[in-house]
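See structure below.
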């Protein structure tokens, strides 16, 4: 019998030992680990035992296929020559998508296969072959096929594609969080960011510091949601013109945590605020809420002044007027009490 070849007697012995306990294959002699029958018996019971087969056996298609069917992890021990075998690769990655990284360049460029794997595990987009990675249509499919995770997979697209305004905008329309992975150039482009913000204000969160100083962009976001104000630059929050417009959208912007509090030191500015958004009175400093001029401006702005302009009479107006009038009456009562005290003092 040629040296290195297992005898029939030894073959039967090691097959029985493997059938009894697959782990016995680890301590089998070199001849047994190079024997087709013994290796097949072992890998059918524990695919990872492919690691202990001879180089020749790890390049044997039937052995590898049986091993992968039993345990997908066996694919990592397969010979390089089988990394491009479609059946073996499909069998492996459908069990464990991460194994795509061991597939050949050709199969990692198979759009259908990769889309299937990326759909289940978005981070496997890291293993996309070079040619497919630069295919914009492929990334459109990645984004469209799974709105929940496609935008995260998009993070593995090359920067050249993440700098494509049309492609990035498509991604944003599926999920605005995709803007997080846009190129620095796009995140620093106020015109592009403005269009993106029109889709969803949360895009502002990932805009550059420069763009978050842009009044037009930030006001577009604020017009959609008050929370957008937290992403405005500090300088912008101190700007009287910006603050006035922001409060025009949301009276809450006048409260603590909104625009600069020091702006309320300017009564003329506060009066403009009341004209712009009368409901901002509820968030003004206490001294303004007790100021006759400010309160009157707020009432006039909401209900119309007593100058011939018709008051708005609806359920919302009535409720609002009741609350605002209460503030005004409280202020007038304090003035009357103060006048009585002053009168008593002079008697």
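The values are calculated or read from the model by the stated rules, or taken from the named source; none is laboratory data. Remember, predicted model here, so these are calculated numbers, not experimental data. Ideal geometry is used to build each Cβ from the backbone, glycine not excepted, and the neighbour counts take in all protein chains shown.
Here are the numbers for the structure shown:
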{"item": "Wholly within segment 31-91, helices (runs of 4 or more DSSP H) carrying at least 3 residues that are over 44 Å from the mean Cα position of the chain (by Cα)", "result": "36-45, 55-58"}
{"item": "Residue 112 being without any contact (Cβ under 8 Å) to a residue 12 or more places away in the chain and either part of a helix (DSSP H, G or I) or at negative phi (or both)", "result": "yes"}
{"item": "Residue in segment 203-219 that is within 17 Å of residue 259 (Cα to Cα), without any contact (Cβ under 8 Å) to a residue 60 or more places away in the chain and not in a helix (DSSP H, G or I) present", "result": "yes"}
{"item": "Test result for residue 152, in a helix (DSSP H, G or I), crowded, with 17+ Cβ neighbours inside 10 Å, modelled with pLDDT of 95 or more and within 15 Å of the chain's Cα centre (by Cα)", "result": "no"}
{"item": "Test: residue in segment 264-274 that is without any contact (Cβ under 8 Å) to a residue 12 or more places away in the chain and assigned to a helix (DSSP H, G or I)", "result": "yes"}
